[in-house]
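Below is one structure, written out as structure tokens, with a few remarks after it.
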Amino acid sequence: MKKLITLALATLAITTSVAAFGADNSLGTWKLNVEKSKYTPAPFPVKSITAVREAAENGVKVTNTGERADGSAVNATYTAKYDGSDAAVSGQGAPYDTVSLKQVNANTFTYDAKNSTTKYHVHGKLTVSSDGKTITMKAKGTDPEGKPVTVTMVYDKQ
């Protein structure tokens, strides 16, 4: 009987931790808050971005639409697993052509974005606020010309 109770408790603990890790509070539609976002060196490269994050097998499908500062369209999408493997980005307007993601917990994700034809390469962290109303993405790396860049993008839940 003691072994049965111990086995039941162990199974419950494993199931609970798997369910908690499987949660993803970044899912939904998010709009870039340009006023709260920063890009160094200035100017900020986009006028607007709406990101739709949908659950995908072991990861997320992200569709970004909007407008860059030069007036060109942003319409890019990718489906990435949370295992750190590279995922191809299709469409136009994103400065990167591959993304890799890892889930730390339901509110925190690390990522790496790079472009195979330029020197663009940033890595950072995406954090969902405790109230679930904001995502903050912070990254450092190099811009397409290889110059240092620091990015903070703040998104509001829609």
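The values are calculated or read from the model by the stated rules, or taken from the named source; none is laboratory data. Bear in mind that the values here come from a model prediction, so they are computed numbers and not experimental data. Methodologically, a virtual Cβ is constructed for each residue, glycine included, from the backbone with ideal geometry; neighbour enumeration extends over all protein chains shown.
Assorted remarks:
- Tally of residues being within 26 Å of ASN25 (Cα to Cα) and surrounded by fewer than 15 Cβ atoms within 10 Å (Cβ to Cβ) across segment 139-151: 2
- Restricting attention to segment 55-84 and to residues that are part of a strand (DSSP E or B) and out of contact with any Gly (no Cβ under 9 Å at 6 or more places or on another chain), the residue that is nearest to GLN103 (Cα to Cα) turns out to be GLY59.
- Residue check, ALA113 over 15 Å from ALA87 (Cβ atoms) and hydrophobic (A, V, I, L, M, F, W, C): no
- Among residues of segment 20-47 that are closer than 9 Å to TYR155 by Cβ, those with a Cβ under 8 angstrom from a residue that is in a loop (DSSP other than H, G, I, E, B) and modelled with pLDDT under 95, sequence gap 6+ or separate chain, pair up as SER37/PHE44.
- Just so you know, in segment 92-111 the residues that are more than 13 Å from the chain's Cα centre (by Cα) and without any contact (Cβ under 8 Å) to a residue 24 or more places away in the chain include one that is farthest from SER130 (Cα to Cα), and it is GLN92.
- Hits in segment 99-158 (condition: of a type in the set (A, V, I, L, M) and under 16 Å from PHE44 (Cα atoms)): VAL122, MET137, ALA139, VAL149, VAL151, MET153, VAL154
- Residues in segment 128-138 that are buried (at least 19 other Cβ atoms within 10 Å of the Cβ) and either within 17 Å of VAL99 (Cα to Cα) or of a type in the set (Ser, Thr, Tyr) (or both): MET137 alone.
- Scanning segment 82-92 for residues being over 20 Å from LYS140 (Cβ atoms), surrounded by fewer than 17 Cβ atoms within 10 Å (Cβ to Cβ) and either touching a Ser or Thr at 6+ places or on another chain (Cβ under 7 Å) or not acidic (Asp, Glu) (or both) gives a total of 5.
- Which listed residue, of ALA69, ALA76, is more than 11 Å from the chain's Cα centre (by Cα) and within 19 Å of THR29 (Cα to Cα): ALA76
- For segment 112-135, the set of residues classified as over 15 Å from ASP24 (Cα atoms) and outside any loop (DSSP other than H, G, I, E, B) consists of ASP112, ALA113, LYS114, HIS121, VAL122, HIS123, GLY124, listed by residue number.
- Within segment 52-71, residues that are surrounded by 16 or more Cβ atoms within 10 Å (Cβ to Cβ) and modelled with pLDDT of 95 or more sit with their Cβ atoms under 7 Å from residues that are among the acidic types (Asp, Glu) and not in a strand (DSSP E or B), at 6+ positions apart or across chains, in these pairs: VAL60/ASP24.
- Within segment 119-130, residues that are on the phi > 0 side of the Ramachandran plot reach no partner that is not in a strand (DSSP E or B) with beta carbons closer than 7 Å at six or more positions or on different chains.
- Options ALA87, ALA139: the member that is modelled with pLDDT of 95 or more and over 17 Å from VAL60 (Cα atoms): ALA139
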